Structure formats: C-alpha cells, structure tokens
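To keep things clear, I will list the structure first and then write my remarks on it.
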Amino acid sequence: MPNPPSRGLAVVTGASSGIGRAFAEELARHHYDLVVVARDAARLEDLAARLRDRRGVAVTVHPADLTQPEAVAALAARIAAEPRLALLVNNAGVATSGHFATLDIDREEAEIRLNVLALVRLTHAALPGMVERRAGGIINVASIAAFVPGPFAATYHATKAFVTSFSESLHEEVHSAGVTVQALCPGFTRTEFQMRAKISETAVPGPAWMSAEAVVRGSLRALDRRHAVYVPGMHYRLLMATSRVAPRTLVRRILTRVGRTAYLD
C-alpha cells in the first residue's frame, strides 16, 4: 500500500460493515489514521472506539448518506483540503435486483448516484493533492459483475462496469505521478451487502465465497504492486478469463439462469 507520511490518513466509505470495515481494521493495523464514512453513526462510533483502543490510531467518524449530493459535496471538500491523505477507499455501494421494468426507479437512480456519481466526485477531490505530492492511492470497489452482463441486476452490473473502466483509465493518467488507482473486483464475499441485495446464499456454492479480510489483504498487496485491476481469488480470475473468450450469447444465457436462481427464487 502507499507508504504514508508519518501518520498518513486513509478515508474509507461504507466503513460500518463488510469490506469497508475490513479495510478500516487492516489500515489501522498498518498505523494509518482514519476517516470512516457511512450512514450508521452508531456503528461507526463503535468501530472508531475499538480501533483507537486496539491500534492507537486517530479515527474520525463522518456520518453521511452519499446518495445525497450535499453529503457528497461536504465529504469531497474535506478530502480535497486534507494534506495528509494517503489513501481513499471508495467502498460505499448498493445493489438492487429483480425485473428492471418492475423495480422502483427512484431506488435505481439512488444506486447510480451512490455507486457512480459519489465515487467520481470523491476521486476527483482526492487526486489533485495526491498528484501534487506525487504519492497516494485510490481503491474503487467494483465487482466481478463489471465484466459480464447481469440479468435481474442490470443497474448494479452497469455501475460496476463504469467503476472498473473509470479506474483503469485514471490509473494510466496518474501512475507516472506516483499515484495508483485500483479497481477492486471481488466475487461473492460474506458481508451484509449480499443480504441487502437479496442474493440467495444457497444458490452460490460454498467454495465460491470469500471473506472480507482476504479480499482486503489481497487488494492492498495488489496496490503495493501498482495493479490497476485486482480480482481476488484464483477461481474468480479463471472464471473471468473464461468469460472473455466464451461467446457473448452463451455468457448472457448462463447468467440469466444464474440470475433467476440468485435473485428471483
């Protein structure tokens, strides 16, 4: 991971649970000070207290609903003004599932605001200072969903495709300035996210699941190596390689069956 100046700062969104919480815990173990961001202030306070007690780092709680433009603007201003910012983890995200034609369009729009627009604004706030200091990293949490179509989770797959393409492009723009932008593309990870997305755990074989801690450790190692895209788990890397050479029609048909089982049954 980027070597911070003494007591470098990391900002982690979606830090109250799952992958975001695992990032906060791992970064505290590496002696980063933290700004942890999520809607649930009580859970953030609990996390902050534990990290201060166990790791002796400074942890600032920043409650925010990043589907709201004013909340994104306030956090972006904070990020842009922070001279010690060494790492930004854009982890906050949401997924919806079902037949798109029957879904609540306001929720679909909120999903795009959180997964895409908030991430873009926060990345834009962080990059100028990092480029000027010629140091830093940004991890944008995408998904293996980025690489394939997603019947019955169409908006989610589309937002993650955007995040991955956006991150790869920025990686090329700034890597010569000593800054790394990574798209982290995990597969099925045991977090509350899967429950909120109404994904049937019984539809996914046990070995396919990964822990949030393993995903985070791999991501940070890949950031050290300046990888633009990181897919945790050899089984997922093989799956993605296969999907690239398989006929697109076949991929869509298979994923339609998977989507029916995972999201509708």
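Values quoted throughout were computed directly from the atomic coordinates according to the rules given, and no laboratory measurement underlies them. These numbers come from a predicted model, not from an experiment. Glycine gets a Cβ as well: all are built from the backbone with ideal geometry, and neighbour counts include every protein chain shown.
Worth a mention:
- Sites matching trypsin sites (Lys or Arg not before Pro) across the stretch 1-102 that sit in DSSP coil, with at most 13 neighbouring C-beta atoms within 10 Å: Arg7
- In this rough spin-label picture, where each label sits 7 Å from Cα along the Cβ direction, the His31-Glu45 distance is 3.1 nm.
- Computed magnitude of the charge dipole of the stretch 1-108 (debye, nearest 20; Cβ of K, R +1, Cβ of D, E -1): 540 debye
- Here the chain is treated as a Stokes sphere of Kirkwood radius computed over C-alpha pairs; at 20 °C and 1.002 mPa s its diffusion coefficient rounds to 115 µm²/s.
- Glu108/Arg190 FRET efficiency (R0 35 Å; Cβ-Cβ; nearest 0.05): 0.85
- Rounded FRET efficiency, nearest 0.05, which uses the C-beta distance separating Val131 from Arg260 and R0 of 35 Å: 0.15
- Relative to one another, the C-alpha centroids of the stretch 34-64 and the stretch 137-186 are positioned 26 Å apart.
- The chain: most fluctuating residue of Gly150, Gly93, Gly137 per GNM, C-alpha cutoff 10 Å: Gly150
- Distance between the 7 Å Cα→Cβ label points at Ala58 and Arg221: 3.2 nm.
- In Hz, Karplus ³J(HN,Hα) per residue of the stretch 91-97 (6.51, -1.76, 1.60; θ = phi - 60°; x = Gly, Pro): 9, 4, x, 8, 10, 10, 8
- Per-pair calculated FRET efficiency, R0 = 22 Å: Ala208 and Val251 via Cβ, rounded to 0.05: 0.80
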